[in-house]
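Computed from the coordinates by the stated procedures, all read-outs in this text should not be read as laboratory data. What you see is a predicted model; the values in this text were computed from it and never measured.
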Amino acid sequence: MNATEIGYALYTWIRTIQCIRYFIIGFSSSLLVTFLTGPHGLLPGATECYTVIERFMRAGMVRDVDAARGLCVAEMTRDHLENMIAANHQLFTGYQGISTRSIGVRHRGRRGFGNYCGEARYPGGRVVCVRACLVNRGDGWKLSSITISPL
């Protein structure tokens, strides 16, 4: 082997090591992002927000206004929720579960704000869009608004 061949072999070996290193860094970074921001990831408050929406949908399905009321901010009156569940009962009937598209949670001291976007599933493959805003005023996560609409 002459000096050119040795230099090229060394160059190829170094480039291979760099490519492997960049792959490992990229893969590790994407795993970290997935775990931190996934639907039930390590993002503080994300799982709690998901649970509030899931429980609200189940309460609406059985027309349990009091259970739904306990998951909402004080500004949402019982009458408002009762009318909303009655007027939109077809969006609760047959509810099977939700899947998360995105969830964002921001904290400011003991308070927090959450935005949820997902899909509710029903029998026969029917799917609707669920968007919600949640707040945590120090007493747990509560719904401040929810919109359920066809895709």
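Descriptive notes on the structure:
- Percent of Cα pairs in the range 51-151 per distance bin of 5 Å, from zero to the largest separation: 3, 13, 25, 25, 19, 11, 4, 1, 0.
- The phi-based Karplus calculation (6.51 cos²θ - 1.76 cosθ + 1.60; θ = phi - 60°) puts the 3J(HN,Hα) values of the range 106-120 at 10, 10, 9, x, 8, 9, x, 9, x, 10, 10, 9, x, 10, 9 Hz, whole numbers, x for Gly and Pro.
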